[in-house]
Amino acid sequence: MDSHVNITILGPGSVGSLWACYLQKAGHNVSLWTRSSMPYELSLSLNSQENSSHTFSCNDKESLIHCDLLFITVKAWQVESALLPLLPLLSQETILLFMHNGMGAIDAIKEHINHHPVLQATTTHGALKENTHTVKHTGLGHTVIGPFNSLGNQCQFIQEVLTHSLPSTEWNPEIKVALWKKLAINCAINPLTAIHQCQNGHLAHSDIHKDVVRICSEVQQVLQQENVEWTETELVSIVNQIISATSENYSSMNRDCFYQRKTEIDNITGYLLQKAEQHGISAPINQTLYNQIKQLEENTL
Ligand code: KPL
């Protein structure tokens, strides 16, 4: 493989579009795969800068067939329906890289993809798709990437591809630990901000902050069983830092509920509850929040 990688981005929402622009800027051959599957060209500008317009071919089968890296940025609950129909078109060598909130989606399709090198990633870069043609980089962040299977273990060079395009990216052979930590933070912030329809900063108020602490206490017991070394005090303190750093933001689940879209609850709190049950840990506050979000979805979808 030469230094220019053929990349197809599956699911160019805000995060996918952000990476598409930065990867193309760095000289890689980037194409997009969208829901429509009809071939067309899309121009995207990064941060509304005129000199930063990028043109991509969308749903071009040849590009997909020849891609070295399929970068999957659809939401966790869309992974199966978006990816499985494309698998027969891919070469066995195509690397699959998943980046989404929550856990469990890749385990569910493991037997279909295990002959590919598979990588997982989590990022804290902020991205906002302002309209079909504009993506805004709303906050500098950090990306962690690591192997899902043993073939993925041989693909550490993808960390360099990512970090040269959109710094900084770190390779973590224990990617599951990084994903669990992100999931723990999402459990503490996302459902509460969706139910109370508030900005993240509102969770710092004492009446609601006691719920944040109760969530963290249950989550930490599961983390411990999953060998993630965070004490309850550490978890609460990280969550407090994120609440304060993103106090004006609306969480992704808040926005999903606000716009009456399906949420990621099954892969966030739902995944935590599955693991809690397996470990014999009771998690009543997380169960209540899960039920409330499911109820909200049922009333609106
Ligand atoms: O990841 C997030 C999300 O909104 O999904 C947090 C960290 C909670 C920031 O809002």
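Structure above, values below:
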{"read-out": "Segments classed as helices (runs of 4 or more DSSP H), wholly inside the stretch 226-301, with at least 2 members that are within 15 Å of the ligand (Cβ to nearest atom) and among the polar types (S, T, N, Q)", "value": "232-245, 252-258"}
{"read-out": "Answer residue from the stretch 1-32, given it is in a strand (DSSP E or B) and of a type outside the set (S, T, N, Q) and is nearest to Glu160 (Cα to Cα) among those", "value": "Ile7"}
{"read-out": "Filter result for Glu218 (farther than 27 Å from Leu301 by Cα, in the same structural domain as Thr288 (by the TED database) and open to solvent by 60 Å² or more (accessible area, probe 1.4 Å))", "value": "no"}
{"read-out": "Some residue of the stretch 182-194 being out of contact with any helix residue (DSSP H, G or I) (no Cβ under 8 Å at 6 or more places or on another chain), basic (Lys, Arg) and within 16 Å of the ligand (Cβ to nearest atom)", "value": "yes"}
{"read-out": "Hits in the stretch 130-149 (condition: within 25 Å of Trp171 (Cβ to Cβ) and open to solvent by less than 90 Å² (accessible area, probe 1.4 Å))", "value": "His137, Gly139, Gly141, His142, Thr143, Val144, Ile145, Gly146, Pro147, Phe148, Asn149"}
{"read-out": "Test result for Gly11, buried (at least 21 other Cβ atoms within 10 Å of the Cβ) and either within 29 Å of Thr263 (Cβ to Cβ) or in the same structural domain as Leu273 (by the TED database) (or both)", "value": "yes"}
{"read-out": "Sole residue being closer than 20 Å to His28 by Cα and out of contact with any His (no Cβ under 9 Å at 6 or more places or on another chain), chosen from Phe157, Phe148", "value": "Phe157"}
{"read-out": "Which numbered condition Gln260 fails, given (1) closer than 16 Å to Ile189 by Cα; (2) in contact with a Ser or Thr (Cβ under 9 Å, 6 or more places away or on another chain)", "value": "(1)"}
{"read-out": "Listing of strands (runs of 3 or more DSSP E) fully contained in the stretch 33-100 that carry 3 or more residues being over 26 Å from Asn153 (Cα atoms)", "value": "40-46, 53-58"}
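Conditions (1) part of a loop (DSSP other than H, G, I, E, B); (2) farther than 29 Å from Gln225 by Cβ, marked per residue:
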site	(1), (2)
Ser150	yes, no
Val161	no, yes
Pro167	yes, yes
Leu183	no, no
Asn186	no, no
Asn190	no, no
Ala194	no, no
His202	no, yes
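The values are calculated or read from the model by the stated rules, or taken from the named source; none is laboratory data. These numbers were taken from a predicted model, which means no experiment stands behind them. A quick note on method: Cβ atoms are made from the backbone with ideal geometry, for glycine too, and the neighbour counts reach across all protein chains shown. For the accessible areas, the whole protein counts, side chains as well, though only heavy atoms, and no ligand, DNA or RNA atoms are used. Shrake-Rupley method; radii C 1.70, N 1.55, O 1.52, S 1.80 Å.
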